[in-house]
Amino acid sequence: MSWTDQPSPMRQGEELDIARIDTFLKQSVPGLVGEPSVGQFRGGASNLTYQFTYPSRSVIIRRPPFGHRSGAAHDMLREARVMTALKPVYPYVPAVLATSQAGEVLDCPYYVMERIDGIILRHDLPKSLSLNTTDTRQLCLNVIDRLIELHQIDYRAAGLENLGKGEGYVKRQVDGWCERFEKAHTDDVNDFSTITSWLRQTMPERDAATCVIHNDFRFDNVVLNPADPLQVIGVLDWEMATLGDPLMDLGNSLAYWIEAGDGPDMQSVRRQPTHLPGMLSRQQVIEYYCQKTGYSANQFDFYQVFGLFRLAVIAQQIYFRFRQGHAKNPEFANFIHFTNLLQKQCLAMMEQGTVKA
């Protein structure tokens with residue numbers, strides 16, 4: 001079906017050793033025969049995702065970006081372990097089929113997972129997919145409900161106590177992302193010192209709770225059922241999943257939530273169809289989430305500013321890698337403009353406030 005997400009040809013400079021991976025796959029995944037066709041998914045600006053298509057089935061390869069990688073970022077084997085642990089209690093996680101250490105096949109670790117055949121919403125709905133206002137609202141609620149469902153997992157009963165450090169998450173995140181920004185600083189980025197000071201002064205003294213959080217939950221990491229596009233059948237990209245504060249997770253998600261009333265600058269960087277009639281506004285998302293979970297929205301300005309700041313740091317890190325020649329996607333050259341736009345959004349939100357207590 002034309003709605004389903006399909007890969008493009010591999011980007012120059014990001015090609016894989018197809019023969020070596022083909023041999024590994026046939027040794028590791030039962031039933032793969034014949035010559036594979038290989039494509040690369042355009043979505044995503046961090047780890048790289050490829051599809052190997054055989055006559056019998058398709059499988060997905062996830063590997064880190066080429067070149068410079070900082071700290072514990074892009075840990076493919078950790079992502080595979082997290083997915084394997086979550087799969088029994090959160091069925092939307094794709095099944096991990098195999099893993100490979102650095103040097104076994106490629107010069108980096110990677111893992112293989114099942115392909116969930118479905119619709120992934122990016123900038124706009126697929127041209128042939130039409131949703132009325134009622135359907136759009138229900139889709140929106142269904143996606144938010146999957147985040148709420150994740151946050152309500154009993155991580156102790158599921159044996160996930162070692163997924164993260166837990167209590168103290170908010171402070172660790174503020175300190176950590178401020179440090180990452182300094183390491184990725186370039187001479188063409190706006191001044192973020194007012195924002196980092198505000199975050200340190202405004203952050204809550206205690207976490208709202210400790211639960212399993214995704215840390216990158218957005219529409220283009222959600223897979224929809226082609227037979228019922230309102231139904232979520234998969235959630236992708238578990239690299240940053242951990243134990244942490246659920247309101248931080250929601251704030252991070254809302255950093256991508258461009259709504260119909262946002263100005264032209266923000267509309268120009270929209271990457272998911274949250275502007276459509278029927279989609280909840282950011283305020284309505286917060287109210288719906290807090291109503292269903294019992295958390296308070298009283299300090300949510302902090303979580304939203306942090307989400308925007310964190311997204312700015314992610315964009316700046318990608319731009320930094322591009323400037324260093326370690327990232328090949330030519331679109332990354334424009335990420336500095338995105339970083340600077342997010343700086344302005346942070347300052348505006350700090351000055352005006354956006355969430356009703």
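The values are calculated or read from the model by the stated rules, or taken from the named source; none is laboratory data. Being a predicted model, the structure only gives us computed values, none of them experimental. Accessible surface areas use protein heavy atoms only, side chains included; no ligands, DNA or RNA. Shrake-Rupley method; radii C 1.70, N 1.55, O 1.52, S 1.80 Å.
Observations, loosely collected:
- Kirkwood Rh (inverse of mean 1/r, distinct Cα pairs), the range 12-125, angstrom: 15.0 Å
- In sequence order, the range 335-344 has phi-based couplings of 5, 4, 5, 5, 4, 5, 5, 5, 4, 5 Hz under the Karplus curve 6.51 cos²θ - 1.76 cosθ + 1.60, θ = phi - 60°, and Gly or Pro positions carry x.
- Under the Karplus curve 6.51 cos²θ - 1.76 cosθ + 1.60, θ = phi - 60°, whole-Hz ³J(HN,Hα) for the range 192-209, x wherever Gly or Pro sits: 9, 5, 5, 5, 5, 5, 4, 4, 5, 7, 9, 4, x, 5, 10, 5, 5, 5
- Considering every alpha-carbon pair of the range 135-188, the percent of pairs per 10 Å bin, from zero through the bin containing the longest distance, is 18, 26, 28, 25, 4.
- For the chain, calculated [θ]222 nm from helices alone, where every DSSP H run of n ≥ 4 adds -39500 (n - 2.57): -12000 deg cm²/dmol
- Computed over the range 158-258, the alpha-carbon pair-distance distribution with 5 angstrom bins reads 2, 11, 17, 19, 19, 15, 8, 5, 3, 1, each value a whole percent.
- Amide H contacts under 5 Å for LEU97, placed H, 5+ residues apart: VAL112, MET113, GLU114
- Order of exposure, largest accessible area first, which applies to HIS74, HIS326, HIS185 with probe 1.4 Å: HIS185, HIS326, HIS74
- Derived scalar couplings ³J(HN,Hα) [the range 255-271; Karplus, 6.51 cos²θ - 1.76 cosθ + 1.60; whole Hz; x for Gly, Pro]: 4, 8, 8, 7, 9, 4, x, 6, x, x, 5, 6, 4, 5, 10, 4, 10
- Close amide H pairs (under 5 Å, H built 1.01 Å from N) link LEU48 with ARG63, residues at least 5 positions away or on another chain.
- Between GLY166, GLY39, GLY176, the residue with the greatest mean-square fluctuation in the GNM of the chain (Cα pairs under 10 Å linked by springs) is GLY176.
- Each principal axis of the chain carries a Cα extent, and these read 60, 47, 43 Å when sorted largest first.
- Over all Cα atoms in the range 64-135, the spread is summed up by Rg and Dmax: 16.9, 51 Å.
- For GLY234, residues with placed amide H under 5 Å, excluding near neighbours: VAL223
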